[in-house]
Amino acid sequence: MVWVKRGDSGAVVSVSLEPDAQHPDRADPSDVGVQGFVQALAGSDTLAGSDLRLVRVIEDLIDLLIERDLIRFTDLPDAAQEKLMQRRSMRASRSSLDLIPGNDEVI
């Protein structure tokens with residue numbers, strides 16, 4: 001059994017494994033409304049995964065532009081420089097632990 005919060009239209013807008021003030025209604029996990037909510041979440045995960053892959057493409061594009069001297073790293077805003085350096089650092093530390101070379105998944 002799960003506990004749900006319903007919106008004004010009666011559609012499930014949130015699910016919890018425990019009852020609380022926000023999730024007053026009890027529902028079966030196989031309930032059509034609960035299943036619809038879960039499927040909607042799965043769709044947003046697909047979009048998020050696509051966004052992460054696009055971020056990697058943009059990072060590679062920035063690296064290529066820098067490599068070809070079309071832009072300088074310092075031309076980027078400070079916040080962008082910091083984010084790129086953090087991701088490069090995470091990727092470098094991850095690849096040092098990676099036993100299978102060429103397995104370049106999204107961080």
Longest principal axis of the chain (C-alpha) makes with the long axis of helix 32-67 (C-alpha) an angle, in degrees to the nearest 10, of 10 degrees
To the nearest 20 debye, the chain has a Cα-centred charge dipole, built from +1 on Lys and Arg Cβ and -1 on Asp and Glu Cβ, of 80 debye
Taking Cα pairs closer than 8 Å and at least 6 residues apart, the relative contact order of the chain in percent is 16 percent
Expressed in Å to one decimal, the Kirkwood Rh of the chain from all distinct alpha-carbon pairs is 17.7 Å
Across the alpha-carbon set of segment 23-76, Rg over Rh with Rh taken as the Kirkwood radius works out to 1.43
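Which value at 222 nm does the chain reach when only helices count, each DSSP H run of 4 or more adding -39,500 (n - 2.57), with the total divided by all residues and rounded to the nearest 500 deg cm²/dmol? Before the final figure, lay out the partial values.
Working: 2 runs with 56 residues, N = 107.
About -19000 deg cm²/dmol.
Read-outs: derived from the displayed coordinates by stated rules, not from any lab. Everything numeric in this text was worked out from a predicted model, so none of it was measured. Cβ: placed from backbone, ideal geometry, glycine included. Neighbour counts: every protein chain shown.
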